[in-house]
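Where a number appears in this text, it was derived from the coordinates with a stated rule and is not lab data. Keep in mind it's a predicted model, so treat the numbers as computed, not measured. So basically every Cβ, Gly included, is an ideal-geometry build from the backbone, and we count neighbours across all protein chains shown.
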Amino acid sequence: MLLLTAFAAFYVYAYAPRSYEALTTYAIVNPKIPSPQEIEKDPALGALNTDNPYLRSADSSLITQVVTTRLNDASTSDRLKKAGLATDYKVERPSAAFLVEISAVSDSQDIALETARALGRQLEQELHAIQTVNGASDQYLFTSLVVAVPDKATEQFSSRLRSLIVVVVAGIVLTLGAVSLARSLESARARIRTESKPVPSTRKHRRKDKDETGTPADHRSDSASGNSLSELETLAEMKLPSPKQRLFPQRGPLRDVLQAEADTKGPNEKTTV
């Protein structure tokens, strides 16, 4: 998984589709209104239609706001799509009141540049159309001036970086999942091996064979084994024959004498046999 993640990250960074952005900036210029002296010198200027609604606005930046709003309308995006241009664009008005910034983004440099130029042309058309609703003469119209010409589309490294981050994060998640799965399988296999292995019994099997007298082998003992007092008392309580009593059947004539000395529960203090 780590190798696959590294390969995918390298491929995305080196060969994945790029994003290019083309920028252009327009300035909205105030019209040059003829002064009374100029009208007096040229009476034809006084006959021009001065009915531009935006000249009567107290806010001089109103016209830039209207143009920006019209360019951001959905109809503009539809026209760009029909023309085969990019629909990922922005038309913004920066802090300067009479500036309009246009940016177009595409995976092709040519399409990005052409989209920015098309938006610039539409800005000029919209600017003229909104001022001539009452038939105002060109002498009283705001005009546009290109400040930054869209002559080159620059690659957006942020887009490539976002794709790279997505691939790396996905690879790390898959790697952690693979490690967790491998550990689970290893634990399951170890448990199966443990369950299938025979467990040796710790119980000590006692010999059930009996001696010649029929006494179980667990209780066999003789006087030479050095039995303690507690062992003899235990044998007496269990009503089992003492070591000396197990010797009687084998001693013949000495049985009666030894029997007299073996009746007590305590060990025989005398030396016999």
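The modelled label-to-label distance between Y11 and S60, using points 7 Å beyond Cα along the C-beta direction, is 5.7 nm.
Each Lys or Arg adds one and each Asp or Glu subtracts one; over the other residues with Cβ under 14 Å from the Cβ of A44, this totals -3.
Straightening the chain between N134 and S77 buys 17.8 nm, computed as 0.36 nm per residue apart minus the Cα-Cα spacing.
Between V179 and F157, the FRET efficiency from the beta-carbon distance, with R0 = 30 Å, is close to 0.40. Between D88 and S187, the modelled labels are 4.4 nm apart [label points 7 Å from Cα along Cα→Cβ].
What residues from segment 8-44 fall in the zone where the backbone N is under 15 Å from a label point 7 Å along the Cα-to-C-beta line of I172? Counting backbone N atoms under 15 Å from the label point, the list is 9.
Please work out whether segment 27-103 counts as rounded, prolate or oblate from its C-alpha gyration tensor, where a ≥ b ≥ c are the square roots of the eigenvalues and a/c under 1.5 means rounded, while otherwise a/b larger than b/c means prolate and anything else oblate? Prolate is the answer for segment 27-103, as a/c is 1.5 or above and a/b outweighs b/c. Subtracting the Cα-Cα distance of Q125 and K32 from their residue separation scaled by 0.36 nm leaves 31.5 nm.
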